[in-house]
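The values are calculated or read from the model by the stated rules, or taken from the named source; none is laboratory data. Everything numeric here is computed off the predicted structure, so don't read it as measured data. Note that each Cβ is placed from the backbone with ideal geometry, even for glycine, and that neighbours are counted across all protein chains shown.
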Amino acid sequence: MIDDPATLVSTRWLAQRLTSPDLRILDASWYLPDMNRDPFEEYGQAHIPGARFVDLDNVSDGRSALPHMAPPVEKFMSRMRKMGVGDGHTVVIYDGYGIFSAARLWWLFRLFGQRAAVLDGGLPKWRAEGRLVTSDLPNIRDRHMTVTRNPDLMRDVTQVAQAAKLGHAQIVDARAAPRFRGEGAEPRAGLRAGHIPGSKNVPWKTLFAADGTMKDGADLAQVFIAAGVDLDKPVITSCGSGVTAAIVNLGLTRLGHGDHSLYDGSWAEWGMYPDLKIERG
């Protein structure tokens with residue numbers, strides 16, 4: 001793979017820069033309830049040296065009834081400043097799964113006009129290679145951050161409904177195939193099963209190689225092509241609640257696709273409203 005501080009970096013790349021004063025490492029671990037894992041407890045036991053823990057729910061819009069919705073500009077800026085993250089820093093984000101919730105925080109950085117990279121393979125790969133971890137907490141000082149929101153990177157339910165009707169953008173669903181097809185009940189109570197009409201299914205796990213790193217080049221492109229995605233046309237990503245959709249956005253960015261956005265409400269919103277059409281199968 002090619003290391004890119006704006007998208008994805010290798011464990012080797014990070015290890016070589018671990019003592020850089022301009023480096024900021026963020027542990028953005030977050031897990032689904034059925035994973036039975038406590039991200040903050042795991043962070044306290046072992047994390048990459050210098051890493052600061054970021055609770056995704058603490059950088060979301062608390063006014064919304066929907067989960068993980070993007071926060072107001074002021075809230076994102078305030079939370080990152082308190083993490084000691086500011087203008088000019090090299091930011092690397094990881095999680096304890098491999099590449100999972102880290103992509104969501106990476107997408108938030110992009111949404112607010114800041115650059116960050118995801119650690120390819122995450123903490124599992126870092127530890128499998130025998131690299132250093134610690135339970136020591138870093139010293140943190142507030143830093144200045146300039147934030148400008150890019151509205152083109154996010155879509156709301158009205159815009160997604162228009163895309164589904166008019167077909168001017170492809171909707172790509174990152175959920176597992178059984179959920180996409182509407183087989184069985186949704187994990188969140190009160191949601192219908194199925195998918196947005198006309199959407200294409202690219203399950204987020206299919207973007208990874210056997211070692212948990214993201215596929216690259218032609219192998220990565222083939223995942224999208226096999227799902228019927230035209231990589232020359234606009235894409236709107238979706239998932240259950242806006243977390244794994246960001247992994248698809250990361251993959252598209254790695255491929256050089258420049259016209260993709262994320263449906264922030266995702267199925268948590270679409271599946272809730274009976275007046276929005278769904279498809280199954």
Quick check: is even one residue across region 131-144 acidic (Asp, Glu), modelled with pLDDT under 95 and farther than 30 Å from residue 273 by Cβ? yes
Given (1) assigned by TED's automatic domain parsing to the domain that holds residue 145; (2) touching a strand residue (DSSP E or B) at 6+ places or on another chain (Cβ under 7 Å); (3) not small (Gly, Ala, Ser), residue 30 misses just (2)
Filtered residue count, region 19-49, keeping only those that are crowded, with 18+ Cβ neighbours inside 10 Å and at positive phi: 0
Go through the residues of region 235-243 one by one and say whether even a single one is at pLDDT 95 or above and in a helix (DSSP H, G or I). no
Any chance you could count how many residues in region 242-281 are assigned by TED's automatic domain parsing to the domain that holds residue 219, of a type in the set (Asp, Glu) and touching a His at 6+ places or on another chain (Cβ under 9 Å)? 1
Going through region 198-219 in order, the residues found to be surrounded by 13 or more Cβ atoms within 10 Å (Cβ to Cβ) and out of contact with any strand residue (DSSP E or B) (no Cβ under 7 Å at 6 or more places or on another chain) are 203, 204, 205, 206, 209, 212, 213, 216
Cβ-Cβ under 8 Å, sequence separation 6+ or interchain: first residue in region 152-169 and closer than 16 Å to residue 233 by Cα and assigned by TED's automatic domain parsing to the domain that holds residue 257, partner among the small types (Gly, Ala, Ser) and exposed (fewer than 11 other Cβ atoms within 10 Å of the Cβ). Which pairs? none
List the helices (runs of 4 or more DSSP H) inside region 118-197, counting only whole elements, that have at least 3 residues being at negative phi and surrounded by fewer than 16 Cβ atoms within 10 Å (Cβ to Cβ). 157-166
Test result for residue 176, under 27 Å from residue 205 (Cβ atoms) and either in contact (Cβ under 8 Å) with a residue 24 or more places away in the chain or of a type in the set (D, E, K, R) (or both): yes
Kindly establish whether residue 3 is surrounded by 14 or more Cβ atoms within 10 Å (Cβ to Cβ), farther than 14 Å from residue 123 by Cβ, in contact with a Phe, Trp or Tyr (Cβ under 9 Å, 6 or more places away or on another chain) and acidic (Asp, Glu). yes
Residue satisfying condition, being of a type outside the set (Lys, Arg) and at pLDDT below 95, within set 72, 33, 39, 49: 33
